[in-house]
1. Would a scan of the stretch 82-100 turn up a residue that is of a type in the set (D, E, K, R) and more than 16 Å from the ligand (Cβ to nearest atom)?
2. Assess whether P348 counts as being within 16 Å of the ligand (Cβ to nearest atom) and closer than 24 Å to K121 by Cα.
3. With the structure loaded, tell me whether F190 is within 20 Å of S236 (Cα to Cα), touching a residue at least 24 places away in the same chain (Cβ under 8 Å), more than 11 Å from the ligand (Cβ to nearest atom) and assigned by TED's automatic domain parsing to the domain that holds N61 or whether it fails that test.
4. Of the conditions (1) out of contact with any Cys (no Cβ under 6 Å at 6 or more places or on another chain); (2) among the small types (G, A, S); (3) touching a residue at least 24 places away in the same chain (Cβ under 8 Å), G32 satisfies every one except a single condition; which number is it?
5. Please state which one of K122, K226, K151 is in contact (Cβ under 8 Å) with a residue 12 or more places away in the chain, over 29 Å from I362 (Cα atoms) and either in contact with a Pro (Cβ under 8 Å, 6 or more places away or on another chain) or surrounded by fewer than 21 Cβ atoms within 10 Å (Cβ to Cβ) (or both).
6. Of all residues in the stretch 198-210, count the ones that are under 18 Å from Q49 (Cα atoms) and either within 16 Å of the chain's Cα centre (by Cα) or surrounded by 20 or more Cβ atoms within 10 Å (Cβ to Cβ) (or both).
7. Among (1) modelled with pLDDT of 95 or more; (2) away from the ligand (no atom under 15 Å from the Cβ), which single condition is A166 missing?
8. If T111 satisfies all but one of (1) more than 27 Å from M217 (Cβ to Cβ); (2) within 16 Å of the ligand (Cβ to nearest atom); (3) crowded, with 24+ Cβ neighbours inside 10 Å, what's the number of the condition it fails?
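The values are calculated or read from the model by the stated rules, or taken from the named source; none is laboratory data. What you see is a predicted model; the values in this text were computed from it and never measured. With ideal geometry, Cβ positions are generated from the backbone for all residues, glycine too; neighbour counts draw on all protein chains shown.
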Amino acid sequence: MGREIVMVDLIGQYTRLKDEIDSAINRVLLSGKFINGPDVSCFSEEFAQWMGVKHVIPCANGTDALQLAIMALQLQPGDEVIVPSFTYVATVEVISLLGLKPVFADVDPNTFNLDVNDVQKKITEKTKLIIPVHLFGQCADMEKVTHIAEKYNLKIVEDAAQAVGAVYHYSDGRSAKAGTIGDFGTTSFFPSKNLGCFGDGGALFTNSDELAARAGMMANHGQRIKYHHDVIGCNSRLDSIQAAILRIKLRCLDEFTEKRRHAAAYYYSQLRSVRGISAPFCSNFSTHVYNQFTLKIDLSDRFHIRYIRDKLQNELKKRGIPSMIYYPIPLHLQKAYCSPNYPMGSLPVSERLSETVLSIPIHTEIKVDELKFITDSIKTIMNNILINVPVSNNKFKWKKAILPTNLL
Ligand SMILES: *Cc1c(COP(=O)(O)O)cnc(C)c1O
């Protein structure tokens, strides 16, 4: 192999696109239009076209995108927002910063996404918004989320930061890209996301002219006409250099996704039958874009799970294979967000997943010899570990991974 295995290979991808990207950056440098240059509006239009959505509002990062969406929806202090506990912190952070009340719901143990039955239980007369997160690259069950939102008159903001390009399939045959279904969708162009720039960036999606106008105004100091500030806004911009880079990467995004899926298919073929772990489950209502390939330690005993995950991670590291735990502590147990409403044990699936998951390298540049080395290593390590550990069935009953051939 002769090169270091990495979780995400940003240098390799840049090197492949170097000429095109360098000349685009140079073009922006020579234009002098670093903010709101033509690349920003061109990118927004091209991205809207690709997403199949009416409006793309670019902004400074994915966290801002969530914040701007909530600001544009004009929620009132004290309003309740339902979010999954098993997600990245950004999703809940903005809720609290805006004086709203985050209400944590549990997730489905197979898809890692919002458990709609638990959402139903968490609804009160103060609930105004649900934020489904399309975690690791596949869509939450949007048909059910939409149904519940309609029933209780709630808004939906989809956090699609990890799922750009994933397609949701409705039961009636229609389909839509992740982020285009709710009142707003949001995404991040953080370098390691599937569509990443070379710094920070983000965007909102909406099909509503009114919401698009309001979010755009919020991102621009609350003004529609310069120096006329109608509402309290903030400053959140995508800069021209990032937009120029994103225009190039957008043209490669389908190819990027194919590469991630090829790597995933290899992992499935090799890891499906390894005792003690299970590969990601693919729902039948969404394609998967594999921002992460997340294994679960598939054993019943809690002590053994933690021990085995640590051991697997350490042994991989010794062989030069990185892995990451996304996410080690669910949000309802974080110091900043814990409350008596959510004691330990209150969201059992999120808690169990935090002890169970391990994400292994997946990116656009990964090679077959690397994949083989990684899967061979996992097989050997698991075999060695499990000699000393009784394997009984997991009481959580993970569904065994199925090869997602129909939706690949
Ligand atoms: C990355 C990410 C964000 C935030 O994006 P930033 O651009 O880093 O602010 C929000 N939600 C999820 C699920 C993410 O993965």
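1. No: the stretch 82-100 contains no residue that is of a type in the set (D, E, K, R) and more than 16 Å from the ligand (Cβ to nearest atom).
2. No; evaluated as a whole, the condition is false for this residue.
3. no
4. (3)
5. Within the list K122, K226, K151, the selection yields K122.
6. Of the residues in that region, 5 qualify.
7. (2)
8. (3)
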